[in-house]
1. Please report the net charge: other residues with Cβ closer than 14 Å to the Cβ of residue 461, K and R +1, D and E -1.
2. Any chance you could check the Cα centroid distance between segment 1-47 and segment 425-464 for me, in angstrom?
3. Return the FRET efficiency for the residue pair residue 191, residue 340: r is the Cβ-Cβ distance, R0 is 25 Å, and the value is rounded to the nearest 0.05.
4. Where nothing but the Cβ of Lys and Arg (+1) and of Asp and Glu (-1) is charged, how large is the charge dipole of the chain around its Cα centre, in debye to the nearest 20?
5. Only bridges with both residues in the chain count here: give the DSSP antiparallel percent, nearest 5.
6. Of 334/446; 120/207; 413/446; 207/334; 275/446, which pairs sit farther than 24 Å apart, going by alpha carbon to alpha carbon?
7. Got the relative contact order for segment 370-460 handy, in percent, Cα pairs under 8 Å and 6 or more residues apart?
8. Sorting check: for 220-227, 370-377, which peptide has the highest mean count of neighbouring beta carbons within 10 Å, and how do the rest follow?
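The values are calculated or read from the model by the stated rules, or taken from the named source; none is laboratory data. This structure is a prediction, so every number in the text was calculated from the model and none was measured. Because the Cβ atoms are built from the backbone with ideal geometry, glycine has one as well, and the counts that use them run over all protein chains shown. Side chains are part of the model used for accessible areas, which takes the heavy atoms of the whole protein and leaves out ligands, DNA and RNA. Shrake-Rupley method; radii C 1.70, N 1.55, O 1.52, S 1.80 Å.
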Amino acid sequence: MQPSIFNIRVPLKERDDVFLMNTLTDAQLVVSSDVADLLDRKSFDELTDEERGAVDLLSENGFFVSDYETDRRKLDEYFHSIKHSGTQLHVTVLTTLQCNFACGYCYQGDREDFNQFADKMTLETSERLAQWIEHELDRLRPETFAMTFFGGEPLLNLPVMYQLAERMWAATQARGVNMFASIITNGLLLTPDVVDRMLPFGLNGIKITLDGDRDTHNRMRPLRGGQGTFDRIVENIRQVAGRCRIAIGGNFDESSVDSFPALLDFLKAQDFGDKLIKVNFKPVIRDMAPPVPKGMIPLIPVGAGNKPLNGTCMTSAGAGHGSTCDSCDFLDDKMSFLREETRRHGFPTPDGVHNGPCHVHMEHAHTIGPDGSLYACPGFTGQLATSTGHIDDRHDAGRAAARERFDRLDPWKDCGDCAFIPVCAGGCVANSFTQLGDMNLPTCHKRSFESALVSLAHSAASAA
């Protein structure tokens, strides 16, 4: 018997206790320091009854394992179960790559020609997509079907969104499958009519982006004519907050990050503040050239030709009840600060530890581009060389090779015995592909996990 390699400890010195977590089993315990010391014991031949009971408890929760090989085998089994689970079919639909905003950090924002000619899903493609999803429902027979509408700005293509939502609701109800629909939107076109139109078809949540306080947001996310958008978005949130679940996201850089506490103050004071189900902020991902001065936030590109997320919106995929890519390349100190500020204001926010594995590691999670191409996650959308298939089931060598590459993904194999492997899986695959040229190389965020773990430990201790 030996300690698991996935054990993590955080001393709680103010109370002589220790927070223990096993990232593979997700067991979390606040124990006395003498119980934590049992994990360092070399021999268990002479234990008191009380110590034996503590060892049994730790073993039941995965803190003790029979041997190293068993621990590694359980990790492989964990990732296998994540990859092949058939309980949920998740489809992210990019209704369009067009956008009505001119965000300075976004490829679409400063390239009028890109926005003008960007793909937009047709009703004919939507019909073929519905047929493809119905086939997947019959083949997989999942318990749950989750559909996320994304872009670009998905509300620029309402006919497709409505058609798919209504068609999939009928299909899932006929098959006894639970359906949840989510929308990722900049919020400018969000109205009660849109929400009311979607509610009968499983609308579960809407995620809206606010990039700082009023002045900062208006600078970061203006309309294409330069007009500010903050007031209109806030008023739209107010109009729909009582109708459905609303989550707030935000993107920060070195020029905007200090405005987010003021945004939290503002949200707290709003009549819809207590209706927000999640608030979460992350750094802008953009070109790092020229070199960033010391003390500034390192911002990293995720696409060739300075094309963030390869055509998809910078607000990343994720809805009120979950996320797929909300934690790539964040600056540890600022993320920790904003996470604590968000909690201090009373808003729910992710703990920063339970970040993965994301949908790219799940064979039954798909991103569908406007032309019907399939991708493993939104971070690859638009790069046909990474397309894993097509809703028309067309077969070509390129897509087959891409599918095989994603099937073989295991970047965590280069992470040694890092305790965070079960919640990190080697980092963001899209970033590995664009930064390192190899999606199977890990990108490490260990420091950020360690920082988030300390916060999680103290939250657990205060609740104990």
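1. Numbers: positive: 9, 13, 15; negative: 14, 16, 17, 351.
Combined, the nearby Lys, Arg, Asp and Glu give -1.
2. 22 Å
3. 0.15
4. Working: 46 positive and 64 negative charges, 265 e Å.
Using Cβ point charges on Lys, Arg, Asp and Glu, the chain gives about 1280 debye.
5. Here the antiparallel bridges make up roughly 40 percent for the chain.
6. Those over the limit are 275/446.
7. Across segment 370-460, relative contact order equals 18 percent.
8. Values: 220-227: 15.9, 370-377: 23.6.
Ranking, from highest mean packing down: 370-377, 220-227.
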